[in-house]
Structure formats: C-alpha cells, structure tokens
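Pasting a structure below so you can have a look.
The values are calculated or read from the model by the stated rules, or taken from the named source; none is laboratory data. Since we're looking at a predicted model, the values are computed, not measured. Note: ideal-geometry Cβ built from the backbone for every residue, glycine included; neighbour counts use all protein chains shown. In case anyone asks, the SASA skips ligands and DNA or RNA and just uses the protein heavy atoms, side chains included. Shrake-Rupley method; radii C 1.70, N 1.55, O 1.52, S 1.80 Å.
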Amino acid sequence: MKRKLAAVMLATACLTPVPISAHAQQVWKNPDATPSERVEALLKAMTLDEKFVMLTSEWGVPYKNHRKPPEAVGSAGYTAGNKRLGIPALQSTDAGLGVTNTVNMRPGDGATGLPSGQVISGTFDPTYGYQGGRMIAVEAAHRGLNEVLGGGINLVRDPRGGRNFEYQGEDPILAGIVAASLISGAQDQHVLSTIKHYALNSIETARTKMNSVIDEQSMQESDLLAFKIAIEKSDPASVMCGYNRVNGLHDCQNPYLLENVLRQEWGYHGYVMSDWGAVYDGDAAWKAGLDQQSGLPADSKAWFGDYMKRKVIAGKIPVSVVDEKLRHILYPMFKYGLFEPRVRPTETAADIAEHTAITQKIEEAGAVLLKNDHEALPLKQNLRRVLVVGGHADKGVMTGGGSSAVAPRGGSPVRGDEPNDLQHFPRPIGYLSGAPLDALKAEMPRAQVTFLSGDDLNAVTEAAKNADRVIVFATKWSSEFFDNADLSMPQHEDAMITAAVKAGKPVIVVLQTGNPVLMPWADKVDAVLEAWFPGSGGGKAIARLLTGKANPSGRLTTTWPVSASQLPRPQVKGMGLEFTLSKKQNPADYETRLDLNIEGANVGYRWFSLKGEKPLYPFGYGLSYTSFTHTGLEVDPSDNGLVAHTKVTNTGKRAGADVVQIYVNLPDGSPERLAGFLRVQLSPGESKDVAIPLSSYALARFDVATKHWVRKAGAYHFRVATNSFDNAGPSLTSELAQQ
C-alpha cells in the first residue's frame, strides 16, 4: 500500500510544477554561478515530465510518419525547450565538415564546406582545426542551431572505410589533438559539440551488426586514446555512441565504455547521446549510461520517453537516475553559455568570403604532393597551352557523402539524375562550387587553358598532343553507409589518365578521393597531388598549389598500402555493398565480426612496421617545392613533460612549411610511434631551433590491472623524421625513469 501511495504521489509530481523561490531562480539564471550550482537549482524546479523531455531528441525534419516539430529550425535533431524555466531548445545539425542541409531540409540553404579530415589532420597544426571548428559554429549560429554533431575521431583501421574522410587519420595522438581543436573552435562560440563515434565504429559494413573484438589494453592504447586526448583537451558537450558492438555489446549499451571508462576513468561531465537509430535495447542502454536517446523515430521504440517514465513512476527506476542524466545534459549547456540570451547573427557576404578563405587556407596547408618528377610542378608562367581533363573541374570539387555532406550555396554545380531524398540517402554524389578550371585560368592569364570532360578517351589523347601540360582530375567518391570494395580507382579514371599519358606530354594528376588509392599509372605520370575532398575553397587552393602560389606542405595521416594484401584484413565480406535508409543490409551478405586483435593497438604505420612491410607512401609523407634539413636532437624535461629540441633549416629557394615529426621506440620493443610534431614555416635559407612537446601517452603503456598509463624505466630511442619510414634524421637514446 505504501509503495502504491508513493507511486501516486510521484505521478502527481509529474504534472505539478515545483514552486520556484526567487533565490533558486536567481541561481540558475545567474551566469556568475558555477554550472553545477545552476544545474542543481534548475533540477529542483523541474517536474518529472519536464525532465523526460530532455532525455530524447527527434528528427528536426519530416521523415516517414514523423512531422517536423513546429519550433525546429530544420536539422538532424531537436529537443524541445521549456519556456516556463527558460531552458533553450537543442537544435542539432550534422556538422562533421560544415553545417549540413541534408535533402534540402531548409530549402535553398547552402553553407561552407571544410576540406576532409585527412586535409585538416594533414596540416599537423591544430590551429587550422580550431579555425575550421569556429567557422562551423558561426555558420550554425547564423541558422539558429546551437549544437554541432562533429568531432569525428574514429581511427582509420582500414583504408577502404567509407567515412574515413570525416576522421583525422590513423594515429591516436595526432587525431586526438586535431579533433580537440575542432571541438574547441566550436564551443568557444557558445555552440555545443559532440565527439563521435564512441567507439571502434571503424567501418560502415554491417555497422549495426558488426562486433569489433579487441582486448582492453589494445583498445585503450588506440581508439580510446584518441577519444581520451580529445576529451581532455576540449571537454566536448556530448559523446555520441556508435552503431556497432564492442566485444559483444552495442556501443550505446556498453557499460565498460560508457561507465567504466568514460565516467570513472576519465571523469567525463557531459552527456552521452546515441547515434540516430543506435539504441537496440532501451533498458540496457539506460543502465549502461546512455543519457539521451537521439533522432527519434530512427529507433524502433521511444525507450527514453513514456516507457521509462512509467518505470520511474512505478518505482522501478529511481528519480535520482533521471536527475543524474539531466546533470550530464544541463552541465555543458550552462558551461558553454546556451542559457545566456544572444542575438541571432545574420550571415553576411563578408562572413561567407572569410569562411571560404579559411577552407582554402586549410586545403593549401593539408593537400599532399605525392610525386613531382622533372620539376613538373609548379606550373611555369611561360606555358602556352594547358589541358585540364575530368573530375567536373569546370564546375566544382567533389565532396564526401552521407550525414557530413555540405550543400553548396546556390545548389550543386553538377546536376545529375540521382534521387535526392531521405529514402535514397546518401545519394547523390556531391560537389561544392568553385571550379578549379576557372581558378587556374585566373592564376595563368597568359596560358590557353582548355577543358575536356574525359568521357571521350581518344579526344583526350589527341588534345594532349598539343598541350604543354596535361592536368587530369581523377575522383573516387566515398560516403557514409558503405565502404569501398577495394583500393582501386574507378575504371574510367584510370583509363582517362592512361589516355592522357599516351600523348607523351607531361601529365599531372590531381586526386580527389576519400581514401588511399592504387595508382597503376604512377610511374608514367610526372606529378601527383592528393587534394582529398578539398572543400568550398578547394578550387582556388588547388590552382594556387599547382602554380606555386602556395607551397604544398600537407602530410599523409593514413598509410597508403601497395595492395590490400598488406592490410590486417585483406578481405572483409560485404565491403562495397551499398545500403540506404530504405534498403537495409542483409546480415547474410556481410561479415559481422571484426577481429581487431590482429593488429590491436598497432594501427596503420605501426602495423606496417610490425610486419616489416613497405607501404606505397608512409604515414607523415609529403613533398614540397623546397627542401629542409634537421640538425641535432635533444630530449629534455620541462614542467609539462619531455620536450624534443632540434634545428630546422630551409635549404631550398622557396618559402615553405616543414612538418617536424618525432618518433620513439619504447624499451619493450613494441612498434615505434609518433611522440610529437610541429609545423614550422621558414623562408629560404632560414633556420629555427624548435621545441616539440612529446606526448606522455607515446612513452607509456596502459596497465590493465591499475587502469593507469605507466612509463617503464629503460632506454627510449628518439628520432627526427619526415615520415614514419624515414631513418635519415638525427636520433638519440635516453635512459628514462619509471613514471
């Protein structure tokens, strides 16, 4: 009888607003109070119904039988606000590389697209990531959006992965630092940011069924390390858990990931949201530590709504559990200023120009010159005839697909007949405005620059015979929802390059891809520039890189294999099979268990080192139009750990940026790892003595028994290098004490 009476009293409390004292109201509305103080004051004023509103988000657009909420701006997610208490609505947008407008949910609203993650991380400079994150947040605020679903940081374990272009490469320390810069850039603008997809959501193939199997130490030293570093450096508002399983349990229902690691080991204060459709068992997710079920009706059931509320009213779930989830959600909302009144800014032409310029600068700093024989590049101003072929270079630049695809202002420059709706998502193949052809003509006013689509291969060969230089734009699209079947380029792209080579003139290939690719024609062309997906300012950036107005300085953050046979898993059943929101995956067609213990923590370049395999291009590789030398190496203690000192000299005739990389071998003989890096800009003949902080995580191993990182006593071998396979630089061995 007492239990029934308590349930009735609690049910009544669901509907009865708590009287708000003037003092309590003053506390949660006072920006000078701490976030925790404001949270506690607000919790006391909320009814249970009001609390449960915040535990779910829904699509901010129409989808099947779901109607767009009236107050939703029109985006991926919407959590209703509370006028009585002054709680702002959460308006969430996909924003891995810019503010998206999937299937034109906000009619005609385009935005600025960043270059792909390989470009941002390829700068080896977090200041570029910060500028990119800030740009995204400013454009989100222009549209009334206050949460960006960015911070993609899954390590590149397979160079065929469909979403690798969203992420920051294969090294956990570099990826963590760069992702943190993107998140900080956004949140400093009072816009919340996620970090995703937690964790080990490394491929798209059968992603809702895939079980990533890995031991604890390897997990902590690889994928979880990237998240740990990013969270320590940026404190993202939310962590988005992924679709896949880890060691048998789905990410959003995994107490080891959500409670043991995230809360207990890392002390994370923000909230855990599910990816759209990633909750398979609401009870398990609730208990494991999920705070918000996101993207309804993507899941089969609204677990965190009336279903859970009835359990609370019945006394099966304590109200204190609900309050703890609310603390996680409200804390970052207070910390990052969402409760403070702000005037919604209007986007101006100056804003757009500034943001496009940011994307251009990032592309110029992160695109990678892979080959440059016979001084084919930079293009000389005395060239008379330049032929540009393929890639829709007369219209724009390619962009990756899926939830991170940014719609260009004015619509797509490449019109196709592919459907553009949620049922066929992630199609169509996307392009951003800013034609490389137009930019190249502007940079080479004395040359006759002509264009061919590349469809007619004989026409390509004939036209190339009359050209001083042939520039072939070759593309390979990547997207969420599927992985690449293999590393090859589309057949026509290879044929187009081969047709250009037949003419016997110097051929330059500009690649726009989301992953490393095989290049059977590499020995026959003179230069290769990997532009990746170059963003809204990409057309101009490519032209400036080709003409030497900008000096290539990007480095690879994913190892390029010679063939798939060098990978930990040369074949994964189902790779290359596409699915959409209307076409689901058939588990029988796919591998559903991914044994990550094959490589464990030795991801990418460390796997190649472990197996003694030579890649096509190593991690950290990239050419320049100038040259650099490194002299001397010292490793000294500082207040914040160890610091490496070396001298960098520009020995060439052009100004340029070098990326100094420090690698370390531990006493236990485990594969070498990146310990520190620094991007250095130098004029011709200039030298600089540089100090490079070394990550304590690179010098330690995770101890499973104590849950701590331990640096063992012994001899540590350090070296300065231009990439992971370069052994020509200065080195030293230091005896370090246990720590």
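Using the Cα atoms of region 597-739, I'd like the radius of gyration and the largest Cα-Cα distance, Dmax, both in angstrom.
Answer for region 597-739, Rg first and Dmax second: 16.1, 55 Å.
Summing -39500 (n - 2.57) over the DSSP H runs of n ≥ 4 in the chain and dividing by its residue number, what mean residue ellipticity at 222 nm do you reach, to the nearest 500 deg cm²/dmol?
Rounded to the nearest 500, the figure is -7500 deg cm²/dmol.
Still on this structure, please answer the following. Trypsin sites (Lys or Arg not before Pro) within region 35-97: which are DSSP loop residues with at most 12 other Cβ atoms inside 10 Å?
Those satisfying the criteria are Lys64, Arg67, Lys83, Arg84.
Determine how many Å³ per residue the convex hull of the Cα atoms of region 657-739 encloses.
Cα-based convex hull of region 657-739, divided per residue, equals 105 Å³.
With viscosity set to 1.567 mPa s at 4 °C, what whole-number translational diffusion coefficient in µm²/s follows for region 215-276 from Stokes-Einstein and a Kirkwood radius over Cα pairs?
Translational diffusion coefficient: 109 µm²/s.
Continuing with this model, one more query. Restricted to Cα positions, what overall size does region 331-488 have along the principal axes? Three whole-Å values, descending.
Rounded to whole Å, the extents work out to 64, 36, 29 Å.
Return an integer: the convex hull volume of the alpha-carbon atoms of the chain, in Å³ per residue.
162
Using the per-residue mean of other Cβ atoms lying within 10 Å as a proxy for protection, in what order, highest first, do the peptides 142-154, 110-122, 461-473, 699-711 fall?
Per-residue mean Cβ counts within 10 Å order the peptides as 110-122, 142-154, 461-473, 699-711.
Tell me, what does the Kirkwood hydrodynamic radius of region 138-233 come to in angstroms if you use every pair of distinct C-alpha atoms?
14.0
If you place +1 on the Cβ of every Lys and Arg and -1 on the Cβ of every Asp and Glu, how big does the dipole about the Cα centre of region 393-475 come out, in debye to the nearest 20?
260
Going by a ≥ b ≥ c, the root eigenvalues of the Cα gyration tensor, does region 148-193 fall in the rounded group (a/c under 1.5), the prolate group (a/b larger than b/c) or the oblate group?
oblate
Something else now. Kirkwood Rh, Cα Rg: Rg to Rh for region 575-625?
For region 575-625, the value is 1.18.
For region 261-335, what log10 I(q)/I(0) values come out of the Debye formula at q = 0.25 1/Å, with one point per alpha carbon and no solvent?
-1.26
What is the ratio of the Cα radius of gyration of region 600-639 to 2.2 N^0.38 Å, where N is its residue count, to two decimals?
1.71
Within 10 Å, Cβ to Cβ, of Ala288, how many net charges do the neighbouring residues add up to if Lys/Arg are +1 and Asp/Glu are -1?
So the surrounding residues net to -3.
Additional query: Could you compute the FRET efficiency for Lys712 and Lys64, with r as their C-beta to C-beta distance and R0 at 60 Å, rounded to 0.05?
0.60
For the chain, report the accessible area per residue in Å² (1.4 Å probe, heavy atoms, rounded to an integer).
I get 37 Å² per residue for this part.
What Rg and what Dmax come out for region 626-678 when only alpha-carbon atoms are used, in angstroms?
13.7, 43
Grab the other residues whose beta carbon is less than 14 angstrom from that of Ala89, score K and R as +1, D and E as -1, and report the net.
Overall, the nearby charge balance is +2.
Tell me the net charge near His645. Cut-off is 9 Å between Cβ atoms, His645 excluded, with +1 for each Lys or Arg and -1 for each Asp or Glu.
Neighbour charge sum, excluding His645 itself: -2.
Same structure, new question: Kindly provide the pair-distance distribution of region 40-153 built from C-alpha pairs, with 10 Å bins from 0 and whole-percent values in order of increasing distance.
For region 40-153, the pair-distance distribution reads 13, 37, 29, 17, 4.
So if I take the alpha carbon set of region 520-615, get Rg, then get Rh from the Kirkwood formula, what is the Rg over Rh ratio?
Rg/Rh: 1.07.
Enumerate the amide H contacts of Ala550 below 5 Å, restricted to partners 5 or more residues apart or on another chain; note that Pro and chain-start residues carry no placed amide H.
For Ala550, whose amide H was placed from the backbone, the distant partners under 5 Å are Leu545.
Only bridges whose two residues both fall in the chain count here: according to DSSP, what percent of them are antiparallel, nearest 5?
55
Working from the pairwise distances between different alpha carbons, so that the mean of 1/r is found and then inverted, what is region 264-304's Kirkwood radius in Å?
About 10.7 Å, per the Kirkwood formula over Cα pairs.
What is the percent carbon and sulfur in the accessible area of the chain, measuring with a 1.4 Å probe over the protein chains and ignoring ligands?
52
Hey, got the Cα dimensions of region 191-303 along the principal axes, in Å, largest first?
35, 33, 24
Moving to a separate point now. For region 393-398, in order, what is each residue's ³J(HN,Hα) by Karplus, 6.51 cos²θ - 1.76 cosθ + 1.60 with θ = phi - 60°, in whole Hz (x at glycine and Pro)?
5, 7, 10, x, 10, 6
Further question on the same structure: Over all Cα pairs of region 578-680, how is the pair count split among 5 Å bins, expressed in % and running from 0 up to the last occupied bin?
2, 8, 13, 15, 13, 14, 10, 8, 6, 5, 5, 2
Hey, another quick one. Computed over the Cα atoms of region 240-364, what is the convex hull's projected area averaged over all directions, in nm²?
Result: 11.6 nm².
Something else about it: Could you state the number of Å between the C-alpha centres of region 629-695 and region 39-71?
Going from one Cα centre to the other spans 50 Å.
Of all trypsin sites (Lys or Arg not before Pro) in region 623-656, which ones are in loop regions per DSSP and have a Cβ with at most 12 other Cβ atoms within 10 Å?
Of the trypsin sites (Lys or Arg not before Pro), the ones in loops of region 623-656 whose Cβ has at most 12 other Cβ atoms within 10 Å are Lys653.
Additional query: Within region 293-380, list the trypsin sites (Lys or Arg not before Pro) lying in a DSSP loop whose Cβ has at most 12 other Cβ atoms in a 10 Å radius.
Passing sites in region 293-380 are Lys316, Arg342.
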